[in-house]
Amino acid sequence: MSADRTVLVLNCGSSSLKYAVVEPDSGRQIADGVVERIGDAGGPPDHEAALRAAFDQIADYGDLVAVGHRVVHGGPDLYQPTVVDDALIARVRELSALAPLHNPPALLGIEVARKVLPDLPHVAVFDTAFFHDLPAAAAHYAIDRDVAERWHVRRYGFHGTSHQYVSEQAAEFLEAPLESLNQIVLHLGNGASASAIAGGRPLDTSMGLTPMEGLVMGTRSGDVDPGVLVYLWREAGMSVDEIETMLNKRSGVRGLGGETDFRELHARVDAGDADAKLAYDVYLHRLRKYVGAYLALLGRTDVITFTAGVGENDAIVRRDALSGLLTLGIELDDDRNDGPERGPRRISSDSSPITVLVIPTDEELAIARACASVIG
Ligand code: AMP
């Protein structure tokens, strides 16, 4: 089968490689998949083998014109989709200290893909890009100015590709100009983040220097008093690496309830599991706090949109996040919220002053389109 021009989109983690072949013009995805357990027994030995395994699984590339790479951290200066060259690789490598869990595997993916596909342009698309122009009040931490500047400590925000794509899709769904809408986007997946967007431009977002700030996530803590880290380091004798691993891998819903999948979490809450209930309650408490904060920041809110694995699929979380807020202008329609539809949809009542939507995110398509715009 022949196809229009296509982009291969790669999202490389430390032990997994997600790939998709997307037609940027039509939006059609013609292949996708994931190679997991890289470096484990039973998995491919390294990222190059993983990429070659992915290639073997793709039956149709169409007319492949570029490779798009999701890079988590662009630091202070990298935010436009950028054609990869040696200088860009060196700059992304310098940023690895800011994103030690995320940027090194992305770099590995870029290097391996350039080796395997040397004749195609490779384009880096940064997950921080959309939030590059956060207002100063949202971008700054209230810490010593010199230290912050010297070490590039600011709030960068992540999931930017998703927040931008979903906010644009919300405007399209409502047939309203993006510039006219004040929006809250709740990206609730294994990682989770919220954003307040005024007229298409971000006003605030919940993630900060790293993707650890903000909402409670599958395995990440989200907001904690920085005093907790100092206390654990000084008094509990935990090393910096141990603290980081705990906050990233053994916190969040898993840390409290032993579970990351929300279907399982609900089942355990229903069965009377107190740990699961605490995890769910803390998750919801934080989520509602951010919704309230962003309603106040925006002043007038037109639309709240749920996206990503939990946001798109979990009607219970959506209901509990926004229940009892009629005085703030939010009224869900239970039948719509519980309905079987999977595409972009309205879940608020017709009389709700604030429209509530569910819009599936599509980071691969957004990355493919960013690539297409760079290579012309
Ligand atoms: P993501 O990171 O966007 O892929 O989201 C992954 C998370 O979505 C999983 O950890 C689950 O908790 C959640 N999820 C996926 N499908 C469902 C579903 N049908 N109901 C509730 N949660 C789901």
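For the stretch 276-291, the Karplus equation 6.51 cos²θ - 1.76 cosθ + 1.60, evaluated at θ = phi - 60°, returns couplings of 5, 5, 4, 4, 5, 5, 5, 4, 5, 4, 5, 4, 5, 4, 5, 4 Hz by residue, with Gly and Pro reported as x.
I need Met238, Met212 ordered by Cβ neighbour count within 10 Å, fewest first.
Numbers: Met238 16, Met212 21.
The fewest-first ordering by Cβ neighbours comes to Met238, Met212.
Restricting the calculation to Cα atoms, the stretch 65-108 shows an Rg/Rh of 0.93 when the hydrodynamic-style radius is the Kirkwood one. Distance from the alpha carbon centroid of the stretch 103-162 to that of the stretch 295-353 works out to 30 angstrom.
Below 8 Å, C-alpha to C-alpha, sequence gap of six or more: please give me the relative contact order for the stretch 100-166 in percent.
Details: 37 pairs, mean separation 23.6, N = 67.
Relative contact order for the stretch 100-166 comes out at 35 percent.
Highest mobility in the GNM of the chain, judged by mean-square fluctuation with C-alpha springs under 10 Å and restricted to Thr305, Thr245, Thr327, is found for Thr327. Of the residues Leu215, Ala196, Ser167, the one whose Cα sits farthest towards the positive end of the charge dipole of the stretch 160-236 is Leu215 (charges of +1 on Lys and Arg Cβ, -1 on Asp and Glu Cβ, taken about the Cα centre). The per residue volume of the convex hull around the alpha-carbon atoms of the chain is 163 Å³. First select every other residue whose beta carbon is under 14 angstrom from the beta carbon of Tyr156; then total the charges, Lys and Arg +1, Asp and Glu -1. Charge balance near Tyr156 sits at -3. Each of Tyr79, Tyr19, Tyr61 has some number of other Cβ atoms within 10 Å of its Cβ, and from fewest to most they run Tyr61, Tyr79, Tyr19. The value of relative contact order for the stretch 1-134, using C-alpha pairs under 8 Å at least six residues apart, is 28 percent. Remark on Asp204: its backbone amide H falls under 5 Å from those of Ala196, a criterion applied only to residues 5 or more positions apart or on other chains, H modelled at 1.01 Å from N. Result for the chain in a Gaussian network model with C-alpha springs under 10 Å: among Arg37, Arg145, Arg336, the largest mean-square fluctuation is at Arg145. Treating the beta-carbon of each Lys and Arg as +1 and of each Asp and Glu as -1, no other charges, what is the dipole magnitude of the stretch 11-80 about its Cα centre, to the nearest 20 debye? Rounded to the nearest 20 debye, it is 160 debye.
For the stretch 136-141, 3J(HN,Hα) computed residue by residue from phi via the Karplus equation (6.51, -1.76, 1.60; θ = phi - 60°) reads 3, 4, 8, 7, 8, 8 Hz, glycine and proline entered as x. Each of Trp151, Trp233 has some number of other Cβ atoms within 10 Å of its Cβ, and from fewest to most they run Trp151, Trp233.
What is the percent of Cα-Cα separations in the stretch 242-306 that go past 14 Å? List each step's numbers first, then the result.
Numbers: 1341 of 2080 pairs.
The calculated P(r) of the stretch 242-306 puts 64 percent of pairs beyond 14 Å.
Over what distance in Å are the Cα centres of the stretch 209-226 and the stretch 8-43 separated? First find each Cα centre; the distance between them is then 26 Å.
Mean residue ellipticity, 222 nm, helices only, the chain: the sum of -39500 (n - 2.57) across DSSP H runs of n ≥ 4, divided by residue count and rounded to 500, is -11500 deg cm²/dmol.
Can you list which of the GluC sites (Glu not before Pro) found in the stretch 183-257 are DSSP loop residues with at most 13 other C-beta atoms within 10 Å?
Values: sites: Glu213, Glu235, Glu242, Glu244; in loops: Glu213, Glu235.
Taking the stretch 183-257 and a limit of 13 other Cβ atoms within 10 Å, the loop GluC sites (Glu not before Pro) found are Glu235.
The label-point distance for Ile243 and Ala274, in a model that sets each label 7 Å from Cα toward Cβ, rounds to 3.0 nm. Quick check: net charge around Pro24, other residues with Cβ under 12 Å of its Cβ, Lys/Arg +1 and Asp/Glu -1? Result for the local shell: -3.
Neighbours of Asp133 by Cβ distance under 14 Å: Lys/Arg scored +1, Asp/Glu scored -1, total +1. Ranking Val71, Pro100, Thr355 by Cα position along the charge dipole of the chain, where only Lys, Arg, Asp and Glu carry charges on their C-beta atoms, puts Pro100 farthest toward the positive end.
Throughout, read-outs are computed from the coordinates displayed, never taken from laboratory work. Please read these numbers as outputs of a predicted model, since none were measured by experiment. Backbone-built Cβ (ideal geometry, glycine too); neighbour counts: all protein chains shown.
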